Amino acid sequence: MARGKRGGFRNNRGRGGRGGGSQQQRSDYADVEKHNDQFENYYNDLGIVADSEREEFWTALRRELPNSFRFTGSKGHALAVQQRLIDHYIPEIVSVRHDGKPVDPPQQLEWFPEKLAWSMTTPKQVVRKFAPFSSFQKFLVSETSVGNISRQEVVSMIPPLVMDIQQGMTVLDMCAAPGSKSAQLIEAVHGGEEGRIRKVLHKIANEQGRELSPDGKELEFDMAHEAEPEEYEDYGRATGLLIANDADYRRAQMLVHQVKRLNSPNLMVMNHDATQFPSIKVPGEPGQPPRYLKFDRILADVPCSGDGTARKNPNVWKDWSTKNGLGLHLTQVRILVRALQMLKVGGRVVYSTCSLNPVENEAVISGAIARCGGVSKVHVVDCSTSLPGLKRNSGLSQWKIMDGKGRMWSSWNEVEKAKEEEGSDSLGKLVESMFPVEDVTEDEKMPLERCMRVYPHMQDTGGFFITVLEKKTEIKARPENVKPTTTATPAATTTETKPATTTEKKPATTTTMSIVDEINEQAENGTLGKRRLSTVDKIAPFKYDPDDDVHSGYVPPVVHQNEGLPPPAPSPTTKRPLEDAETAESAPKKVKTENGQNGHVKAEVVSSAVATPKLDPSNNSKKRSNQPHEEPFKYLPADHSEVKSIFDFYDVSEQFPRDRFMVRNASGEPVKAIYYTSTTVRDILTENEGKGLKFVHCGVRMFQKQDAQGQDICRWRIQSDGLPILEAWVGEDRIVRLYKRSTLHKLLKEMFPRVGNDGWKELGEVGERVRDIGMGCCVLRVETSDAEDGFAERMVLPLWRSISALNLMLPKEERKAMLLRLYNDNSPLIDHSQLRFGKKDTEAETPVNATAADGHANGVDDAEEGAEATVMKDDDVDMDDGVEGGVPLETALNPELDVAATGIPTSVAVDENKSMLAEDAMKAAAQQKVDDLREVAPGVTDEEDAFNKTV
């Protein structure tokens, strides 16, 4: 059986939504009968919709789900890309008629901010039949591949929007894979950053008495919504943090693949069980108790049965069972309680599922609040006025629970009475927290009507549940099996059941989770190690030995939470090794639940079996099964010689920080790549080094080492990932400015155009500049202009000037996307290196020694991470391999070209034409490797990479 783990679950191919199907191969939607008596009777009996809407509700749930997508990035940039859709593709689609009727074009979601999200209901047979849809599909795929569009289900977009993320906030996504919501969150963390930085640059330019190039419409939009520079921290850079977590290592790698294209230095990806997410130590004052990170916002998009996804997971209709939700309830409560523990006072947790079942929704909210001290400590936020235009229903205040035999129960008292009379074993799977709270005062009543329920018939979407909680005061979570000291009947108590033969109640037992709760609480308030664990004393009462001077010693808190806990009780969602997973498309997985029953879990979260914790922190570096060893994160001193040489070559401004660069190898020396992070990320990594926390990814690759010989050539080129962060601070000596659309079209269309032999004369307004600029990496700034051949938007691209040629350091897919968007040009690219050789496959041509052929560029035109993965044999987690030097090219010396130049073109020692041919052969081979490779994370298919429909 395919299984997942708490805080993470993996669908076979990540395409099936969030659970709600079987482990069998997913059937075609039309082939599955959309009928299940138990499924329909349960929700009809609950009355989740009014009787007058019931038929409309089930009719909608039986229809296939529309496609949907949203435009990503800064608002200004997203609006600019969206305008291309509005101006060009929508008019073409509107002109199509099918069966004598006009076809419905994609529609904007009125409630989504700036209307940047779209939905399309056009049937597949129509899309495949008409050319305008084919053109539109190419646009979607190309823009998705470069990160301008995210394919995402409509209801999945809601939770990040109601989190209300502000500048400087720390955010946690507890169950993040595959990453569509994390992408929304990191966009919010960086909200307005480009506009703020641009305002700072204007201020600096005014102080220095120089002019700044025009901003363009995109930046003008972002700048208009930002305050004045005096109010900015860190020169306008985003100071917030997003930690995206998933319990399964390989799913965490898929998460990295999805969010990495956003190039955020404020992002960290971790790999922990969400129910026991560790406390993260942060720098504190000397002599003071340890400080641990608290979050302003937390998203708990938890594992669920996923019956709200029946429109895209047809197997829900075949396999639905009430056992699915029952088995996940306790896990969901634990995740939410842990989220509330880690939240700042005044912070928000957004809890969401794609389930319709109240046992996974309102019951979880009720149970978690009860464990955390009630409504006086945790407030249910009224979001009825959020996202105007979004249709939603209120949460349920009363509901029933269906047991494994299909019997309905209205209250916990009914269950207890039946247990006394019948002693039914099946009722042991029901727990008190699943039922509505009874006999409470008006002040203690939970306003569950403030929860949001989104149903399929309301706006042609899937089903979804969202609740926003606000922490009013510090909390002390009640251990799971401890009865509350209140006269009211609580929403979360013991899961113990008494035998049928006696009415005597068993005493509440201490569980691993209750010990974890107390450890977490003491770790966060600084008392861990200063007082006894009462939950442990209940198991083994403490006996003081005056001769034992270490009787009060404790393992450090992070080790307790990550490595030193006793083996937990059987996980409600454990999973078999991923190598054994089926490869059938979108086969949703089942999980092993608390009660030993088979349940479904959302496809977004997957996990491997819970590893047996270890007390010895020295074992942290050892490989676990299914999890490769992670290289350490080592920061470079601000005065490191390599950092200094880079800043000198690019004349980087003093305002750009030098103390945030790191490498990924044990030596701590820059070998192949240098990464950049925010200050907060740096502090967390350095403070928790060797403490057992599992960091999978962080940092943006800023510089890549290059085998470029010759005097005054910097061997570190600016990586395309880090260029948007650095370009504004690069000095004029390494800047090339472009103004005309025709010139950019030539550079995008033509690969490796010549500069030597008067080739620069064919390069428009940049010709003289690239002829005279020193060799190496430089920044191409596409400036705005009011001219007919000018640009309304500003762009920045990486450029390499070699001994005899010029090349944009972009992969072919990005070139094609820009050509399609800017010029509506879908014709093939022109590769001058292949034309010069007169053959298609230049990789098979006469091999050329890199040094002889081009002493400066040596493989530089593999200027994309996919190229680095091929040419440098990089791996998916971007770890340095410890090999000294830059880009190794497996080439042999051509005896005719063994005296090639290493200086500027005027000082070549052999015939320039031969040098250019040699250079072109080398670069063409490297580029061919780029084009033959698509870098994807483990477990991610090409189809997912191009078309992400996951929730």
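Quick look at the numbers
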{"read-out": "Ranking by accessible area, most exposed first, for LYS749, LYS377 with a 1.4 Å probe", "value": "LYS377, LYS749"}
{"read-out": "Efficiency of FRET from Cβ geometry, GLU64 and LYS377, R₀ 35 Å, rounded to 0.05", "value": "0.20"}
{"read-out": "Under 5 Å, built H, 5+ apart or other chain: amide partners of VAL96", "value": "VAL103"}
{"read-out": "Heavy-atom surface of the range 631-730, accessible at 1.4 Å and reported per residue (Å²)", "value": "33"}
{"read-out": "Residues of the range 768-790 with amide N under 19 Å of a point placed 7 Å along Cα→Cβ from ASP87", "value": "782-790"}
{"read-out": "Diffusion coefficient, µm² s⁻¹, Stokes-Einstein with Kirkwood Rh over alpha-carbon pairs of the range 63-151 at 10 °C and 1.306 mPa s", "value": "117"}
{"read-out": "Karplus 3J(HN,Hα) series, Hz, for the range 812-822 with 6.51 cos²θ - 1.76 cosθ + 1.60 (x for Gly, Pro)", "value": "4, 5, 6, 4, 5, 5, 5, 4, 5, 6, 8"}
{"read-out": "GLU207 accessible area, assembled protein chains, probe 1.4 Å, Å²", "value": "130"}
{"read-out": "Residue-wise HN-Hα coupling along the range 55-63, computed from phi with Karplus coefficients 6.51, -1.76, 1.60 (Hz; x: Gly, Pro)", "value": "5, 5, 4, 6, 4, 5, 5, 8, 7"}
{"read-out": "Inter-probe distance in nm under a simple model that places probes 7 Å from Cα toward Cβ, at ARG54 and SER134", "value": "4.8"}
{"read-out": "Protein accessible area in the range 631-730, 1.4 Å probe - carbon and sulfur %", "value": "45"}
{"read-out": "Förster radius 30 Å - calculated FRET efficiency between GLN288 and GLU114 (Cβ-Cβ, nearest 0.05)", "value": "0.10"}
{"read-out": "Lysine pairs in the range 631-730 with Cα atoms under 19 Å, if 8 or more residues apart or on separate chains", "value": "8"}
{"read-out": "Interchain or long-range residues, amide H under 5 Å from LEU799's placed H", "value": "CYS778, LEU780, MET809"}
{"read-out": "Separation of the SER397 and LYS472 label points, Cα + 7 Å toward Cβ, nm", "value": "1.8"}
{"read-out": "Residues of the range 731-826: accessible area per residue with a 1.4 Å probe, Å²", "value": "36"}
{"read-out": "Accessible surface, 1.4 Å probe, highest first, among residues GLU449, GLU187", "value": "GLU449, GLU187"}
{"read-out": "Gain in span if fully extended, ARG407 to GLU762, counting 0.36 nm per residue against the direct Cα distance", "value": "119.8 nm"}
{"read-out": "Per residue solvent-accessible surface (Å²) - the range 150-210, probe of 1.4 Å", "value": "27"}
{"read-out": "Amide H within-cut-off set for TYR292, under 5 Å, with H built and near neighbours excluded", "value": "VAL282"}
{"read-out": "Taking the C-alpha atoms of the range 631-730, convex hull volume expressed per residue in Å³", "value": "103"}
{"read-out": "Under 13 Å between alpha carbons - lysine pairs in the range 731-826 that sit 8 or more apart or on different chains", "value": "4"}
{"read-out": "Accessible heavy-atom area order of SER134, SER279, highest first, probe of 1.4 Å", "value": "SER134, SER279"}
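The values are calculated or read from the model by the stated rules, or taken from the named source; none is laboratory data. Worth saying up front: this structure is predicted, and the values here are computed from it rather than measured. Here Cβ is always computed from backbone atoms with ideal geometry, including for glycine, and neighbour counts include all displayed protein chains. Quick note on the areas: whole protein, heavy atoms, side chains included, nothing else; ligands and nucleic acids left out. Shrake-Rupley method; radii C 1.70, N 1.55, O 1.52, S 1.80 Å.
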